[in-house]
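Q: Have a look at the structure that comes next, please.
Rule-based calculations on the coordinates, nothing more; no lab input. Computed from a prediction, not measured in an experiment: that's the story for all the values here. As a convention, Cβ positions derive from the backbone with ideal geometry for all residues, glycine included, and neighbour counts pool all protein chains shown.
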Amino acid sequence: MPIELHPLLGRFVSHMNNHDSAAFTACFADDAIVEDEGQTYHGRAAIEAWISKAFAQAAPILDLKEAHRTATGSLLSGMVSGTFPGSPIMLHYHLAHDDAHISHLRCTV
């Protein structure tokens, strides 16, 4: 059975899996923060540079397994496969968001 997502999160997953860095980045607020693999990225320009590099080097595809609402947004969990060592791996996306934009994303194992 498909997992129903808030439209913003549906776009987040779709743009990730289509490797569309501009559309993916548009899901984020202008002053958003992303934390991934020990690095922190501030603002849309830095986020777009981060995700463009990730798409080019790792070609990640998210197979969403779970989605939960949290006090500040959502937690998405899924198997991520691609051209990186250790693929596939279960990753968790901790997202703070409103109806329009993601303000904070923290990626964890």
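Q: Return the tail of the calculated pair distribution for segment 1-54, meaning the percent of Cα-Cα pairs more than 15 Å apart.
A: 48 percent
Q: Calculate one ³J(HN,Hα) per residue across segment 16-22 by plugging θ = phi - 60° into the Karplus curve 6.51 cos²θ - 1.76 cosθ + 1.60, and present them in order as whole Hz with x for glycine and proline.
A: 5, 6, 8, 6, 9, 5, 5
Q: Could you give me the ³J(HN,Hα) list for segment 102-108, computed from phi with Karplus coefficients 6.51, -1.76, 1.60 and θ = phi - 60°, whole Hz, x at Gly and Pro?
A: Values, residue by residue: 8, 9, 7, 10, 10, 9, 9 Hz.
Q: While we're looking at this one, here's another question. With loop defined by DSSP as not H, G, I, E or B, and exposure as at most 11 other Cβ atoms within 10 Å, which is the longest segment of the chain clear of exposed GluC sites (Glu not before Pro)?
A: Segment 38-109 is the longest.
Q: In addition: Applying the Karplus parametrisation 6.51 cos²θ - 1.76 cosθ + 1.60 with θ = phi - 60° to the phi angles of segment 53-69, what ³J(HN,Hα) value in whole Hz is obtained for each residue in order, glycine and proline being reported as x?
A: Each residue of segment 53-69 in turn: 5, 4, 4, 5, 8, 10, 6, x, 10, 9, 9, 5, 10, 8, 9, 9, 6 Hz.
Q: Would you work out which of Ala54, Phe84, Met16 lies farthest towards the positive end of the dipole of the chain? Charges go on Cβ: Lys and Arg +1, Asp and Glu -1.
A: So the residue we want is Phe84.
Q: Sticking with this one: In the neighborhood of Ala32, defined by Cβ-to-Cβ distances under 14 Å, what is the net charge if each Lys or Arg adds +1 and each Asp or Glu adds -1?
A: Counting the neighbours of Ala32, the net charge comes to -4.
Q: Further question on the same structure: Tell me the Rg and the Dmax, in Å, that the Cα atoms of the chain produce.
A: Cα only, the chain: 12.7, 36 Å (Rg, Dmax).
Q: Once you place label points 7 Å from the Cα toward the Cβ at Cys107 and Lys65, how far apart are they in nm?
A: The modelled label-to-label distance comes out at 1.7 nm.
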